[in-house]
Amino acid sequence: MTVSEYLAKQTPEQVAQFDHVRAVVKKLVPEAEETISYGLPTLTYKKRYLIYWGAFKDHTSLFPGTIKFAPSDTIPESVITDIVQKRYTHISEAK
């Protein structure tokens, strides 16, 4: 499955929410790539995950941390930024 195929199965609200997450991540890490990992859309850096996003019946979630949001909510940019900056630093410092 591709990210596009995953998103094709989601509601317009969920797709908009993912597009928001994608835009924030790409602003922070322009070289981030999209893939599916563990069945979820994943944005990666140096082939390691920065953030996962998942759509479920009654909520969407960001991973790591399993932070849940209503599909109609705009995920705060500060939450996305905090997760991605920590993961980016961890990946960048790994040997």
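Before we move on, is residue 81 β-branched (Val, Ile, Thr), on the phi < 0 side of the Ramachandran plot and surrounded by fewer than 17 Cβ atoms within 10 Å (Cβ to Cβ)?
Here the answer is yes, as residue 81 does meet what is asked.
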Checklist entry - In this structure, does residue 44 turn out to be among the β-branched types (Val, Ile, Thr) and modelled with pLDDT under 95? => result no
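Give 36, 67, 91 a once-over and let me know the one that is of a type in the set (Val, Ile, Thr) and open to solvent by 50 Å² or more (accessible area, probe 1.4 Å). Talk me through it step by step, then tell me what you get.
Working: 36 fails: open to solvent by 50 Å² or more (accessible area, probe 1.4 Å); 91 fails: open to solvent by 50 Å² or more (accessible area, probe 1.4 Å).
After ruling out the rest, the residue left standing is 67.
In the list 44, 89, which residue meets the criterion of being among the polar types (S, T, N, Q), within 15 Å of residue 28 (Cβ to Cβ) and free of Cβ contacts under 8 Å to residues at least 12 places away in the same chain?
89
The values are calculated or read from the model by the stated rules, or taken from the named source; none is laboratory data. Computed from a predicted structure; not experimentally measured. Because the Cβ atoms are built from the backbone with ideal geometry, glycine has one as well, and the counts that use them run over all protein chains shown. Surface areas here come from the heavy atoms of the whole protein model, side chains and all, with no ligands, DNA or RNA. Shrake-Rupley method; radii C 1.70, N 1.55, O 1.52, S 1.80 Å.
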